[in-house]
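Please read the structure below before turning to the comments.
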């Protein structure tokens, strides 16, 4: 109770009784019908028995300045920082280390964060006499109250810096560049964000530092695509390879290439799975798969000999071929009958 006015205790009791009546539908109805006499004698004349003061605290806050003093001098966590890193496809797959330079606010090396020039002393705030809070008298429906608030002159610190540090100009912090080594784990993907705790700006008034967020951008690979932990490789086959079958060499993301047997009659879009040849999983537990997807290439620029061979193949399948699709040899054969 910070109210020093005479009769304050009686006023508190009146407030409590009024709140109890308003919060109890039965008592409120009795008060509306009969006035104060309607609620006298209820609860044996003990208005505060079983009373929940939780909501009542809101009323106190409204009239007594429920905010905590020295708000500005509370410990404040430092700000967060962000840096972007671009890495190769292989580095994302198998992990790497990168040295980065981060610009962030650090504690001033000259004043140690005190904001005052070394050798000088801060003066006691004349407005709050060093307490960091001021009292204001306010009047309300319930009477006169003393409201405690943060001192606007010293912002709750209780002191005034008269000679600010010449390096940080009284801020207590300086912008500095610092080098860090970032360990990028195997299996990280494009667009991932890493948090380095405590590597952001230094805090104020004893608060902890902020965090550093590292955003990862992965350069595309000329041969592979990625689907989570799986690799996708498009294998191009010509018509004879697809029809007759063959052995194909599949590049590896790391190490020697793989040999894959393509069976006869392979259609475009068929997928062959090489188990465990994909990307390492980010949090361990093996690797994904290498998916080999066939793409059958239809030739568009044929020699006469190649065209004649395809015509013969088409005829063997009973497929009619127009004269303009035949090569020189085919046209001669047609002329000779």
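Just a few scattered comments:
- As a summary of the residue check, residue 90 satisfies the conditions (1) buried (at least 16 other Cβ atoms within 10 Å of the Cβ); (2) out of contact with any strand residue (DSSP E or B) (no Cβ under 6 Å at 6 or more places or on another chain); (3) modelled with pLDDT of 90 or more except for the one numbered (1).
- Test: residue in segment 197-211 that is under 22 Å from the mean Cα position of the chain (by Cα), outside any loop (DSSP other than H, G, I, E, B) and assigned by TED's automatic domain parsing to the domain that holds residue 104: no
- Leading residue by the ranking (modelled with the lowest pLDDT) among those in segment 136-152 that are surrounded by 15 or more Cβ atoms within 10 Å (Cβ to Cβ) and outside any strand (DSSP E or B): 142
- Residue 167 vs. criteria assigned by TED's automatic domain parsing to the domain that holds residue 108, loosely packed, with under 15 Cβ neighbours inside 10 Å and not in a strand (DSSP E or B): yes
- Tallying residues that are part of a strand (DSSP E or B) and surrounded by fewer than 16 Cβ atoms within 10 Å (Cβ to Cβ) within segment 222-243 yields 4.
- Residue match in segment 181-204 (condition: more than 25 Å from residue 98 (Cβ to Cβ) and in contact with a strand residue (DSSP E or B) (Cβ under 8 Å, 6 or more places away or on another chain)): yes
The values are calculated or read from the model by the stated rules, or taken from the named source; none is laboratory data. Owing to the predicted nature of the structure, the values given are computational and were not obtained by experimental measurement. Every residue, glycine as well, gets a Cβ built from its backbone with ideal geometry; the counts of neighbours run over all protein chains shown.
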